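Trainee: Would you mind keeping the following structure in view while I ask a few things?
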Amino acid sequence: MDFDPVFLAKYPFLKATKEYVASLGIPLSEMLSHPVYGASLELGRLRVLDCMEGRFRPEYGDPVRAQLTVLSYPLARMLAHGLGRAAVGRYAQGEAEAAYELFRDDAEASRLIAKDLGVSETGGGMPFPQYVSLATALTRQSPKWKLANRLVDAGYVDVEAGEARILLREAVRNRVLESVDLKRLPEEVKKMAAGLRTALTGDKATLDIEALDYEALPPCMKAMTAALEAGVSSHSAMFNLATFLANLGLKTDDIVKVYSKSPKFDEEKTRYQLEFLTGGRGGTEYTCPACATIKSQGLCKNECEVKHPLQHYRRHSRKRPKAAAKV
Ligand code: SF4
């Protein structure tokens, strides 16, 4: 079978990637010490970090680079799954958004991806169970995804073409989230996962989780805070702000304080929703969307030269170490 490494570099979650890697005929343990392919482990580590910050974009400019980018994907998945549920959720979101940026305006790529994932990319009727499995996370961002707000006919949910591409992105995210057998990880990958975990924990510790540095908030989050205080916040804005604050590491009590400034504040409801969003009820820990998604919602307020609002906060918060102001 012929493989196009550039196509797989863009969409390495496709089933063909497994066959492509197998076709190279080099076991994983040997690949890691290979003079060329060995670089894929470090690329995998960077891929995890970039995906978690929402800034990952695959590189495929020349054949070797494309090949290394393909190989970095299975390694990045192993590393991310070794980091725990919250981290792998952010990683998967970054992978899905990077792919979405490439396929959203590419009908042929969308068709091939949809075929591989077993979903429709053209809109029309989507089988009810499939719609529910793909749209669950989206219902936290906008009520338009709730079944109650959709046309359902004979077991099929009506989906527009643009929406079908968003659901395809969710299908990509689900595939990235599929479980990985961590018991079989090579020693090099285990060591790198441990180092990555320490680096990420250390990075989080540099943030003051007791107090929010309001000045470091990106413009979109400042606008969402203002809308919340004015009582005119949309569902998407509420979701984005809550997940942003939770992903910063703020405690639930501190997030509740932010939400208490809304004229519509209901403490019990807010605490319930926060617990749900942060995975406290045994479910998914939701992550703040990247800038691309916030832009598509019309909630971006400036061009900050970042791919993710958390990146903006980290950059600006580090610039003023002790100027944290309580909100
Ligand atoms: S570029 Fe990103 S961080 Fe900046 S306002 Fe827009 S969505 Fe927010």
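Trainee: Select, from 225, 278, the only residue that is touching a residue at least 12 places away in the same chain (Cβ under 8 Å), among the polar types (S, T, N, Q) and closer than 19 Å to residue 300 by Cβ.
Mentor: After ruling out the rest, the residue left standing is 225.
Trainee: From the list 8, 71, 14, pick out the single residue that is over 30 Å from residue 304 (Cβ atoms), modelled with pLDDT of 95 or more and in a helix (DSSP H, G or I).
Mentor: From the options 8, 71, 14, the qualifying one is 8.
Trainee: Could you list, in sequence order, all residues of the range 129-151 that are modelled with pLDDT of 90 or more and not in a helix (DSSP H, G or I)?
Mentor: 146, 150, 151, listed by residue number.
Trainee: The conditions are (1) buried (at least 21 other Cβ atoms within 10 Å of the Cβ); (2) within 15 Å of the ligand (Cβ to nearest atom), and residue 215 fails exactly one of them. Which is it?
Mentor: (1)
Trainee: Of the residues that make up the range 218-231, is at least one surrounded by 23 or more Cβ atoms within 10 Å (Cβ to Cβ), touching a Phe, Trp or Tyr at 6+ places or on another chain (Cβ under 8 Å), assigned to a loop (DSSP other than H, G, I, E, B) and not hydrophobic (A, V, I, L, M, F, W, C)?
Mentor: Yes.
Trainee: Mind listing just one residue for me: the one in the range 95-120 that is surrounded by 21 or more Cβ atoms within 10 Å (Cβ to Cβ) and acidic (Asp, Glu) and, of those, nearest to residue 306 (Cα to Cα)?
Mentor: Among them, the one singled out is 97.
Trainee: Now a separate question. Applying the selection to the range 311-327, what residues are within 9 Å of the ligand (Cβ to nearest atom) and either of a type in the set (Val, Ile, Thr) or at pLDDT 85 or above (or both)?
Mentor: 312, 313
Residue-wise test of (1) away from the ligand (no atom under 14 Å from the Cβ); (2) more than 20 Å from the chain's Cα centre (by Cα); (3) farther than 27 Å from residue 95 by Cβ; (4) modelled with pLDDT of 85 or more.
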| residue | (1), (2), (3), (4) |
| --- | --- |
| 249 | yes, no, no, no |
| 267 | yes, yes, yes, yes |
| 271 | yes, yes, yes, yes |
| 284 | yes, no, no, no |
| 304 | no, no, no, yes |
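Trainee: Return the only residue of 173, 197 being in contact with a Leu (Cβ under 6 Å, 6 or more places away or on another chain), assigned to a helix (DSSP H, G or I) and farther than 23 Å from residue 234 by Cα.
Mentor: None of the others qualify; the one that does is 197.
Trainee: Related question: Provide a single number: the residues in the range 292-302 that are more than 8 Å from the ligand (Cβ to nearest atom) and not aliphatic (A, V, I, L, M).
Mentor: Of the residues in that region, 4 qualify.
The values are calculated or read from the model by the stated rules, or taken from the named source; none is laboratory data. Since the structure is predicted, the reported quantities are computational estimates derived from the model, not experimental observations. A quick note on method: Cβ atoms are made from the backbone with ideal geometry, for glycine too, and the neighbour counts reach across all protein chains shown.
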